[in-house]
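Enquirer: Shown below is the structure under consideration.
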Amino acid sequence: MNQIIPEYLHDKSNLIKLVLYTALFALIFINIYQPFDSKDWFEVSEFMYFVFSSLIILTGMLVVAVSRLIMFYRGKRGSIFVWQYACWILAEIVSMALFYTLFEKIILHDARPFREMMKESSINTALVLLLPYTTLWLYFTLRDRNKKLEQFIQKENPSEPSPTSIMNFYDEKKELKLSVRSDQVLWIESADNYIKINYLNKGKIYPFMIRNALKTIEEQFAGSNLLRCNRSTIVNFEKVKVLKKEKDGVFLCYDLENIPDFQVSKTYAGKVMARFSEYPA
């Protein structure tokens, strides 16, 4: 229980997926299974029942949304242990069950004993939450293992994926926007809140704009041929043919026409020189 939960369980994008998937599951669950005696809430048509019950379920799902928002910021400050995560989920179940119990008691004037109502709500809420949670946990775990396996294979065979490998570029919402062979990527530059990917296609240079940060791209392709040389530029080191030192500083040069030399800033000079030193004399 003192084991730390994987980071993917409190990753921002995964938490959003969890909240949305759980909300969708809850909508389907209440309209098919009809827990909490929800069919007796409203004497209306099937369609209006769907509308009203859905609004109430989504209101209750705010408990999960707020809980996962807190978890995200808690995870940024430090590790979350398994026992803490288990208590967190239990607190979500109790909080949501309490919400539905109070709703039935105060709004719908249910005459049953509070303890009985709370027990029933807790069981139904556990089903509403734990079923989608378990499904997503399995999905996130499988995806994480596949990712680690790919990284392991690349690490064990560093020379294999060179010119024919594909580089996928995503925007800030993690949507795939561009896929280019690694030997066709020339350089990437920042442009306000966007990045401009310059690549070769049919012998010509084409730019492609994506809303993202240069630092994100740098981290995504750490260990590849993409190397940052200054505050606003990442170069494809495979294309660099000459390094020259002038009075204005160090410059990286391609052997392609119409491509300017890229100046290396002092911040990144160490990494650039280290990359050149890897090549045999």
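What follows draws every value from the coordinates through simple rules; no lab data is involved. Note that this is a predicted model, so its numbers are computed, not measured. Here Cβ is always computed from backbone atoms with ideal geometry, including for glycine, and neighbour counts include all displayed protein chains.
Enquirer: Filter the DSSP H helices in the chain by two things, a Kyte-Doolittle mean of at least 0.5 and an axial alpha-carbon span of 15 angstrom or more, and list the hits by number.
Expert: Span-like helices in the chain: 12-32, 46-77, 82-102.
Enquirer: Report, in listed order, any pair from K215/K241; K215/K266; K215/K247; K174/K271; K204/K239 with a Cα-Cα distance greater than 22 Å.
Expert: Violating the 22 Å limit, Cα to Cα: K215/K241; K215/K247; K174/K271.
Enquirer: A further question on this structure: Near the amide H of A191, under 5 Å away, which other amide H atoms are found, from residues 5 or more places off or on another chain, if H is placed in the peptide plane?
Expert: Distant-sequence amide H within range of A191: K196.
Enquirer: Now a separate question. Is there a quick way to get the dipole size of the chain? I mean about its Cα centre, with the Cβ of Lys and Arg at +1 and of Asp and Glu at -1; what is the value in debye to the nearest 20?
Expert: Result for the chain is approximately 940 debye, rounded to the nearest 20.
Enquirer: Hey, another quick one. Please compute the volume of the convex hull spanned by the alpha-carbon atoms of segment 166-277 and report it per residue in Å³.
Expert: 105 Å³
Enquirer: For the chain, calculate the relative contact order in percent as a whole number, restricting contacts to Cα pairs under 8 Å that are 6 or more residues apart.
Expert: Once normalised by length, the contact order is 11 percent.
Enquirer: Counting only helical runs of four or more DSSP H residues, what would the 222 nm mean residue ellipticity of the chain come to if each run contributes -39,500 (n - 2.57) and the total is spread over all its residues?
Expert: The helix contribution divided over the chain gives -17000 deg cm²/dmol.
Enquirer: Could you tell me the calculated FRET efficiency between A222 and K244, based on Cβ-Cβ distance and R0 = 35 angstrom, to the nearest 0.05?
Expert: Efficiency computed from Cβ-Cβ geometry: 0.85.
Enquirer: Of N201, N14, N124, which is the most mobile in a GNM of the chain whose springs link Cα atoms less than 10 angstrom apart?
Expert: N201
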